[in-house]
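Working notes, structure below.
The values are calculated or read from the model by the stated rules, or taken from the named source; none is laboratory data. Computed from a predicted structure; not experimentally measured. Neighbour counts run over all protein chains shown; Cβ positions are idealised from the backbone, glycine included.
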Amino acid sequence: MIEVQQITKRYGNLTAIAHVTFRVAKGEILAFLGPNGAGKTTAMRILTCFMPPTEGTASIAGFDCIDQAIEVKRQIGYLPETPPVYQELTVSEYLTFVGRLRGLSGKHLSTKMDRVIERLSLGSVRERLIANLSRGYRQRVGLAQALLHDPPVLILDEPTVGLDPKQIIEIRELIKSLAGSHSVILSTHILPEATAVCQRVVIINGGRIVAEDTPDQLSVRLRRSEKISLLLKTMPPDAMDRLRDVPGVLHVMPGTEPRTLVVESELGRDIRDELARFIVKNEWGLLELKSMSMTLEDVFLRLTQHEDGMPRQEHDPRDVQSDDRTHTALPPGT
Amino acid sequence: MLPVQSIAAKELRSYFVSPVVYVVSGVFLLTFGFLAYLYIVFTGAQAIQLMQMQGGAAQINLNDLVFRNLFASMRFVLLLILPILTMRLFAEERKLRTFEFLMTAPVRIIEIVIGKFLGVYIIYLGMLLLTTLVPIVLSLFSDFDWYPVLSGYLGLALLGALFLAVGVFASALTENQIVAAFTSFGLLLMLWLLAGLGSILGDAASGQFISYLSFMEHYDHLVHGLIDTKDLVYFLTGLTLMLFLSHRVVDSTRWK
């Protein structure tokens with residue numbers, strides 16, 4: 001449904017995205033995950049024909065984003081970063097305007113409007129000026145705008161920003177319910193959102209795709225070390241340094257609680273036994289020792305953080321796809 | 001409803017909920033009425049003088065003394081006022097990020113430009129319509145030739161269209177409304193002053209060409225009751241050119 005081939009976008013000397021390639025199958029929900037400024041919005045703006053790419057091609061439902069822009073625009077519903085609402089209009093006036101621009105009219109328009117107002121529970125604010133609505137309501141009006149004409153492709157730039165927790169859950173459920181009938185790309189920097197809603201995650205950083213897989217697979221594949229958390233009764237100041245000398249230990253970090261430590265070891269090597277013996281021998285009082293599984297959050301941080309002093313090349317190419325950019329699109333549901 | 005109609009209707013709606021249109025049309029009508037009043041009083045005083053000098057009834061030409069002056073003064077009023085009306089058209093969309101929505105709606109850019117122009121032009125025509133009270137009331141008390149008045153109104157309508165199109169163009173250039181207003185104000189002033197440059201250069205081809213570029217002589221012809229195809233062509237090409245340039249500017253903002 002959505003095909004992006006090697007797109008690059010440069011603003012003067014600044015390269016916003018470089019050689020980005022991905023596909024979205026029909027009915028699939030794809031998350032664009034990345035820190036702020038990673039190029040998510042740029043990629044979405046190219047897909048929605050708001051701006052053309054410097055290089056590369058993008059197409060939606062077989063229509064080219066540069067040459068057949070109007071056709072592409074008919075296929076999509078787009079929620080930009082800031083909900084594009086006109087403050088001086090009421091919700092129903094606004095949706096009527098949006099519908100008319102999309103070629104809806106008369107009874108057709110009013111049934112679609114009623115449906116989308118009900119879906120996003122906007123009934124109570126229907127006749128109110130958008131200027132007087134709260135941030136959460138405006139966001140929902142923005143979503144209503146994107147969903148109004150029931151487009152086959154939805155492009156949502158951070159759809160849950162500014163909503164309260166209850167609304168976030170509702171909107172996520174709504175987006176989930178679109179799977180199957182709609183292709184959705186949503187961008188987010190909130191990890192649980194990607195895990196909760198999407199079938200596939202593209203992690204983008206510094207304008208490049210650094211990983212692409214299902215949320216579960218990503219954390220398995222990117223686990224390049226085992227993590228063990230320790231709780232000690234007494235912790236000498238040099239405990240971290242001394243633990244590093246235990247064979248197999250890669251890193252030792254302080255844990256979140258006092259007197260806890262997180263020990264990282266090589267992948268596939270179980271050092272729990274050695275670790276336990278070392279601590280007992282030193283009489284630090286081993287209260288707890290458990291192995292931690294890597295969350296998507298860890299994966300994300302590992303892939304996108306430069307500050308940790310680990311150049312990306314250091315990653316095992318088996319784990320990270322940064323060297324091998326022939327992504328295979330997984331069928332929906334995996 | 002065509003996209004152009006939907007956009008024009010939305011612009012009308014937006015104008016009427018904001019105070020801008022009320023203030024602008026209020027100032028416009030007040031100025032028009034006040035100027036008309038001044039010229040009428042002035043004409044009356046002249047008539048009394050003439051009667052005293054010539055003794056008996058003097059022939060006073062209201063077309064010359066009231067309407068021609070009134071229409072000529074309105075050039076300046078339009079130049080000051082219309083940029084305020086157009087400044088928000090694109091600048092506000094860009095500031096409030098609704099621009100992205102418009103650009104990703106299945107509507108051609110030229111339809112957006114024309115829709116916005118029509119929206120503001122309808123408001124302007126409404127303002128002009130209200131000013132017709134002056135000639136209507138005046139016609140109850142005196143005799144004058146309606147034909148030059150109507151052609152003067154045609155001149156105002158065409159001049160307004162040109163000014164508004166320049167304003168649409170200026171608004172497309174920036175996301176700051178003040179900058180947009182001053183840009184269109186500056187452009188219009190330049191167009192005005194070209195007439196002065198033309199007259200300095202005199203009857204040489206270059207002088208005539210530069211004078212032709214200014215709206216002054218074309219508008220003056222219409223105010224004098226002279227409807228010439230050349231002048232109509234000037235206004236219509238100017239309007240088309242400005243809307244086309246607006247289209248180019250709006251289109252090019254996407255590339256940045």
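Restricting attention to segment B:94-142, the residues that are at the interface with another protein chain (Cβ under 9 Å from one of its Cβ atoms), out of contact with any Leu (no Cβ under 7 Å at 6 or more places or on another chain) and not in a helix (DSSP H, G or I) total 5. Residues in segment A:117-166 that are crowded, with 21+ Cβ neighbours inside 10 Å and β-branched (Val, Ile, Thr): A:ILE117, A:VAL141, A:VAL153, A:ILE155, A:THR160. For segment A:59-78, a residue qualifies if it is out of contact with any Pro (no Cβ under 6 Å at 6 or more places or on another chain) and surrounded by fewer than 24 Cβ atoms within 10 Å (Cβ to Cβ), and the qualifying residues are A:SER59, A:ALA61, A:GLY62, A:PHE63, A:ASP64, A:ASP67, A:GLN68, A:ALA69, A:GLU71.
Within segment A:68-119, work out how many residues are of a type in the set (Gly, Ala, Ser) and either within 13 Å of A:LEU147 (Cα to Cα) or away from every other protein chain (no Cβ under 12 Å) (or both).
The qualifying residues number 4.
Considered as a group, the residues in segment B:188-228 that are within 24 Å of B:VAL168 (Cα to Cα) and aromatic (Phe, Trp, Tyr) include one that is farthest from the chain's Cα centre (by Cα), and that residue is B:TYR212. Annotation note: Cβ proximity below 8 Å between a residue of segment B:163-178 that is buried (at least 21 other Cβ atoms within 10 Å of the Cβ) and in a helix (DSSP H, G or I) and a residue that is of a type in the set (Phe, Trp, Tyr) and modelled with pLDDT of 95 or more (sequence gap 6+ or interchain) occurs for B:LEU164/B:PHE117; B:LEU164/B:TYR121; B:LEU164/B:TYR124; B:ALA165/B:PHE117; B:VAL168/B:PHE117.
Total residues in segment A:252-274 satisfying the condition of being more than 28 Å from the chain's Cα centre (by Cα), farther than 16 Å from A:THR234 by Cβ and outside any strand (DSSP E or B): the figure is 7.
Which of the residues belonging to segment A:10-44 are within 14 Å of chain B (Cβ to nearest Cβ), under 20 Å from the mean Cα position of the chain (by Cα) and more than 24 Å from A:GLY180 (Cα to Cα)? Selection gives A:ALA16, A:THR41, A:THR42.
Checking the condition over 30 Å from A:ILE46 (Cα atoms), among the charged types (D, E, K, R) and out of contact with any helix residue (DSSP H, G or I) (no Cβ under 6 Å at 6 or more places or on another chain), which residue from A:GLU226, A:GLU212 passes?
Only one candidate qualifies: A:GLU226.
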